[in-house]
1. Could you list all residues from segment 63-81 that are surrounded by 10 or more Cβ atoms within 10 Å (Cβ to Cβ) and within 30 Å of the chain's Cα centre (by Cα)?
Amino acid sequence: MDTDASLRTGADGSTSSSTDGLKAPENTITFPGQRSWEYVEEVVNMLKTAFPLLILSMETTVDQISHRFKATQEEEIYRLICMLLQEAMQVCQLV
């Protein structure tokens, strides 16, 4: 009997390695150095050529969402003051 634990014998007498199921797929395409925003730009460029009206409506929707959820000056001041107070409280707790 074989003492190597990494080899297994099948019902038909064939021997296989225990790492057979852990191989990476060979047809995987990897693009070294390409960032996620580069993928987005590539998809947007393809959409612009294939579906110009779709991309126009998507851009308009994104602009409207960013405009409507933009914080007012008072909200920004309030947010900054809260952040400063939280930092001051953390410093006071450390001392």
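1. Just the residues of segment 63-81 that are surrounded by 10 or more Cβ atoms within 10 Å (Cβ to Cβ), to begin with: 63-65, 71, 75-81.
The answer is Asp63, Gln64, Ile65, Ala71, Glu75, Glu76, Arg79, Leu80.
Results for (1) modelled with pLDDT of 90 or more; (2) among the aliphatic types (A, V, I, L, M), shown as yes or no for each residue.
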position	(1), (2)
Thr15	no, no
Ser57	yes, no
Glu75	yes, no
Ile81	yes, yes
Ala88	yes, yes
Gln93	no, no
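The values are calculated or read from the model by the stated rules, or taken from the named source; none is laboratory data. Here the structure is a predicted model, which means the values were calculated and not measured. Please note: Cβ atoms are built from the backbone with ideal geometry, for glycine as well, and neighbour counts cover all protein chains shown.
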